[in-house]
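> I have a structure here, written as C-alpha cells, and I will follow up with some questions on it.
The values are calculated or read from the model by the stated rules, or taken from the named source; none is laboratory data. On a predicted model such as this, the values are computed, not experimentally measured, just so you know. Here the Cβ positions follow ideal geometry from the backbone for every residue, glycine too, while neighbour counts run over all protein chains shown. Surface areas here come from the heavy atoms of the whole protein model, side chains and all, with no ligands, DNA or RNA. Shrake-Rupley method; radii C 1.70, N 1.55, O 1.52, S 1.80 Å.
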Amino acid sequence: MNRSRHRTCNRTAISMVRLLTVGWVLLLCCGCPPAPPSQEEQRRAVTSRWITVECGNPEREAASCLDEDDLDAISQQVPTISTALAERVRTEMLSRENTDVKIMVSGTGPDYLRFLKEAARVEVQLGRFLESADFGRDERVIVLSDRLADKLFSDADPVGQTVDLDGQMLTIVGVVTDGAPWSKALTRDAYVPLGLFDGRNDSSTPSPCDRLRFRVERLDQVQNTREIIQQIMDQRHPGQSLRIRSFLSEDR
C-alpha cells in the first residue's frame, strides 16, 4: 500500500515537473508581452535613417547658406541615398479676413511628405500635399497644419480658400495632421513651394535653403554616408560652418 502511494506521488511529481518544464519552454519561446515603446524609442526608430545638413546657425533666418545645387551634388555622388529633400523655414504673418497669425512655414517640395509621414507620422487630412505641378510656374499654393486650419476656419472646409502670406495671396490645397507628440521640432504650421520665399516659383535657378535631409537606404550605411556628405560639403563650402548630423544620435 505504501509503495503504491509512493509510486502515485512520484508520478504526480513527475507530471508537475513536466508541466513546469513545458511552461518555461513556452515562456522562453513566446516571451512576455513587451512593454510599449516610449515616445523617445518610437522617435529614434522612425528617424534613424535620416541625415540632416544645415547651416551652422539654423535659427537665423538670413543664414541660408545652402541651395538646391548642394542637394543635387550630394544626391548624384552618394548612391546609398534613397530620398533627398530641401527645406527653408521662415516665420511669417498669415492673414485671413480679420485674423492675423504669426506662423512657422516651411518652403519645400512634394517629397517632403515622405519625411513627415516617416519621421513625424503626419498624414494628409484634406485635399493634397504639394505636387510637382506647383513648381516652375506661377502657382501660389499652401498646405496648412490641422491646428492652423482649425484656428482660421473652425469647422469650415479650408481647401480652395485663400490666405495672405506676407503679401502673397495663396490658395489652400490641403490640410495635414499635426503629427506625433514627439514631432513638434520637425513639423511646421504650413508648407509652401520652396521658391515662394523668393517671390517667384521659378525652377530655372536653384533656390536657397537652410536645411537638407537625406534618407539612407539601410541603417548600417548611415555613418559612412554621413562621412561622404561631410567630404562633399567641405569641398563645396570650404570654411563654412555646417552641421551634419543623424537623427539617431544627435537630433534634438
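> Can you say whether Gly199 is more than 19 Å from Asp111 (Cβ to Cβ), modelled with pLDDT under 90 and either open to solvent by 10 Å² or more (accessible area, probe 1.4 Å) or not small (Gly, Ala, Ser) (or both), as far as the supplied structure shows?
Judged against the criteria, Gly199 is a match.
> When segment 131-160 is examined, which residues are found to be part of a loop (DSSP other than H, G, I, E, B) and open to solvent by less than 10 Å² (accessible area, probe 1.4 Å)?
Pro158
> Continuing with the same structure: With the requirement that a residue be assigned to a loop (DSSP other than H, G, I, E, B) and either open to solvent by 70 Å² or more (accessible area, probe 1.4 Å) or modelled with pLDDT under 90 (or both), what does segment 232-252 give you?
Pro238, Gly239, Gln240, Ser241, Asp251, Arg252
> Name the residue, out of Val89, Val105, Val122, that is in a loop (DSSP other than H, G, I, E, B), open to solvent by less than 50 Å² (accessible area, probe 1.4 Å), modelled with pLDDT of 90 or more and closer than 29 Å to Asp70 by Cα.
Val122
> Additional query: Checking Lys184 against (1) open to solvent by less than 50 Å² (accessible area, probe 1.4 Å); (2) modelled with pLDDT under 95, only one condition comes out false. Which one?
Answer for Lys184: the failing condition is (1).
> Between a first residue in segment 211-231 that is farther than 22 Å from Gly56 by Cβ and in a helix (DSSP H, G or I) and a second residue that is open to solvent by 50 Å² or more (accessible area, probe 1.4 Å) and hydrophobic (A, V, I, L, M, F, W, C), which pairs have beta carbons less than 9 Å apart while being 6 or more apart in sequence or on different chains?
From segment 211-231, the pairs are Leu219/Leu248.
> Determine the pairs where a residue that is farther than 14 Å from Gly160 by Cα and without any contact (Cβ under 8 Å) to a residue 40 or more places away in the chain, located within segment 114-143, has a partner that is of a type in the set (Asp, Glu) and in a loop (DSSP other than H, G, I, E, B) with Cβ atoms under 8 Å apart, the partner being 6 or more residues away or on another chain.
Within 8 Å, the pairs are Lys117/Glu123; Ala133/Glu139.
> Oh, and also: Consider Ala156 carefully, then state whether it is free of Cβ contacts under 8 Å to residues at least 12 places away in the same chain and among the aliphatic types (A, V, I, L, M).
When the stated conditions are applied, Ala156 passes them.
> Moving on. Is there any pair with a first residue in segment 166-180 that is in a strand (DSSP E or B) and a second that is open to solvent by 20 Å² or more (accessible area, probe 1.4 Å) and among the basic types (Lys, Arg) whose Cβ atoms are under 7 Å apart and which are 6 or more apart or on different chains, and what are they?
Listed by first residue and then by second, the contacts come to Gln168/Arg140; Met169/Arg140; Leu170/Arg140; Thr171/Arg140; Val173/Arg128; Gly174/Arg128.
> Same structure again: Those residues that are under 25 Å from Pro181 (Cβ atoms) and hydroxyl-bearing (Ser, Thr, Tyr), I need them from segment 119-149; list them, please.
If the condition is that a residue be under 25 Å from Pro181 (Cβ atoms) and hydroxyl-bearing (Ser, Thr, Tyr), then Ser145 is the only one that fits.
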